[in-house]
Amino acid sequence: KQKLAEQGAKGVVIARHDGMVTGADGEMVTIDKAAITTDSVEYDAVYVPGGAGQAQALSAGFKSRYFLAEAFAHYKPIAANAEGIDVLRAAGLTGLQVASSGDGRVANSMGVVTAAGLATDGDFLPQFFDAIAQHRFWDRPDQDQVPDV
């Protein structure tokens, strides 16, 4: 959220419930919106952070998979790092080239920016910020409907 704010954007943390969650580093994170009360059409972009436990929970949840699939169908920028990439796969975002562990590169495929490591690695954040500035990615396959999740 801090890096987004530095670029003049506002980040919103969405989780399965209101209140707080504990980050991987033990830091408490305030939830801005409960997933049940919001949809991807309200946002300009989506970021899925890493974290094995979080990724597993997001991948298992219909609402989070639908949220991502809908954002993809609306041609919006999406970013994910580390285990967050698994959530993209669970949402059925097919045809993407994603970063793979060990290669240290950032992948940008049809406005979906991924990094196998930390969000601060390489040019992940600058590429995501560029994607947000572009707003839509019309080179994605025709999105007549939200993919099945």
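The values are calculated or read from the model by the stated rules, or taken from the named source; none is laboratory data. Remember, predicted model here, so these are calculated numbers, not experimental data. Methodologically, a virtual Cβ is constructed for each residue, glycine included, from the backbone with ideal geometry; neighbour enumeration extends over all protein chains shown. Protein only, heavy atoms only, side chains kept; ligands, DNA and RNA dropped before computing areas. Shrake-Rupley method; radii C 1.70, N 1.55, O 1.52, S 1.80 Å.
So, A52, is that one closer than 24 Å to D121 by Cα, open to solvent by 20 Å² or more (accessible area, probe 1.4 Å), within 16 Å of the chain's Cα centre (by Cα) and modelled with pLDDT of 90 or more or not?
No, not satisfied.
Output the number of the condition that A57 fails; it satisfies all remaining conditions of (1) exposed (fewer than 14 other Cβ atoms within 10 Å of the Cβ); (2) touching a residue at least 40 places away in the same chain (Cβ under 8 Å).
If we test A57 against (1) exposed (fewer than 14 other Cβ atoms within 10 Å of the Cβ); (2) touching a residue at least 40 places away in the same chain (Cβ under 8 Å), just (1) comes out false.
Would region 28-47 turn up any residue that is touching a helix residue (DSSP H, G or I) at 6+ places or on another chain (Cβ under 9 Å), farther than 23 Å from F129 by Cα and in a helix (DSSP H, G or I)?
Yes - at least one qualifying residue is present in region 28-47.
Would you pick out the residues in region 65-114 that are of a type in the set (G, A, S) and either part of a helix (DSSP H, G or I) or within 16 Å of Q54 (Cβ to Cβ) (or both)?
Of everything in region 65-114, those that are of a type in the set (G, A, S) and either part of a helix (DSSP H, G or I) or within 16 Å of Q54 (Cβ to Cβ) (or both) turn out to be A69, A71, A73, A79, A80, A82, G84, A90, A91.
Scan region 28-44 and report the pairs whose first residue is within 11 Å of H17 (Cα to Cα) and whose second residue is assigned to a strand (DSSP E or B) and of a type in the set (G, A, S), with Cβ atoms within less than 9 Å and a gap of 6+ or a chain change.
Close Cβ pairs satisfying both conditions: I31/A15; D32/A15; K33/A15; A34/A15; A35/A15.
Just give me the residues in region 14-28 being in contact with a Lys or Arg (Cβ under 9 Å, 6 or more places away or on another chain) and either hydroxyl-bearing (S, T, Y) or surrounded by 14 or more Cβ atoms within 10 Å (Cβ to Cβ) (or both), in sequence order.
Within region 14-28, I14, A15, R16 meet the criteria.
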